Amino acid sequence: MGFFDVVNVYGLLFAAVLLVPHIVYMKTHTLDTGVFTNRAMVYIDRVGRLASLFLMSFHIGVLELGFTEPQALMRRFWLIVMGVCSVLYALLWLLFFKKETKGCALGIILISSFMVMFSGILQVNTLLLTAGIVYLIGELYLFSRYFRK
């Protein structure tokens, strides 16, 4: 069992693209966590996010079959779609850093959860797809509370 049998290098790269803007935002902006009254939903969001990032990066061998046939074509299709989504995701984050609008926030949520769930579907990875759904539910809760005003 080699290194590349366990680590999905491209998945790790896309996971970093999904994680880095969140870290930068938390370091540069103050967030009023008092608006998030349901702590369980906050933890569901965190678990969904971290599980998604972990499962995109590492092959754990549970409920995952890999790309369907033809594998080379499916992998190429996945890389192209994920690359385009990563560029859109980064652009939305740049817009969100300048002005925190509902549209940008919702776009960030939808693109990031699409990337995770798309990866789960294309790689036939049930846990990744489930983590993406949990991540989407948690993010939509945080979105609804943060932009309630």
(request) Rounded to the nearest Å, what's the spacing between the alpha carbon centres of the stretch 72-106 and the stretch 128-146? Just the number, please. (result) 17 Å
(message) If I model a spin label at Arg39 and Leu63 as a point 7 Å from the Cα along the Cα→Cβ vector, what separation in nanometres do I get?
(response) 2.7 nm
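Report, in deg cm²/dmol and to the nearest 500, the calculated mean residue ellipticity at 222 nm for the chain, where each DSSP H run with n ≥ 4 adds -39500 (n - 2.57) and the sum is divided by the residue count.
On the way: 6 runs with 113 residues, N = 149.
Mean residue ellipticity, 222 nm, calculated: -26000 deg cm²/dmol.
Kindly rank 95-106, 9-20 from highest to lowest mean number of other beta carbons found within 10 Å of each residue. Mind dumping the intermediate values first?
Values: 95-106: 13.3, 9-20: 17.1.
By packing density, highest mean first, the sequence is 9-20, 95-106.
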(message) Take Leu127 and Val81, extend 7 Å from each Cα along the Cα→Cβ direction, and tell me the distance between the two endpoints in nm.
(response) 2.2 nm
(message) From Cα pairs below 8 angstrom and at least 6 apart in sequence, can you work out the relative contact order of the chain, rounded to a whole percent?
(response) 35 percent
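Step by step: find N for the stretch 3-146, compute 2.2 N^0.38 Å, then divide the Cα radius of gyration by it. What's the final number?
Values: Rg = 15.4 Å, N = 144, 2.2 N^0.38 = 14.5 Å.
It is 1.06.
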(request) Could you tell me how many degrees, from 0 to 90 and to the nearest 10, lie between the Cα long axis of helix 102-122 and the main elongation axis, the longest principal axis, of the Cα atoms of the chain? (result) 20 degrees
(message) Please list, ordered by chain and number, the residues whose modelled amide H lies under 5 Å from the amide H of Val7; skip anything fewer than 5 residues away on the same chain.
(response) His59
(request) Would you calculate the volume per residue, in Å³, of the smallest convex hull containing every Cα atom of the stretch 25-91? (result) 133 Å³
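All of the numbers you see were taken from the coordinates with simple rules; none came from a lab. In this text the structure is predicted, and so the values were computed from the model without any measurement. Don't worry about glycine lacking a Cβ; one is built from the backbone with ideal geometry, like all the others, and counts go over all protein chains shown.
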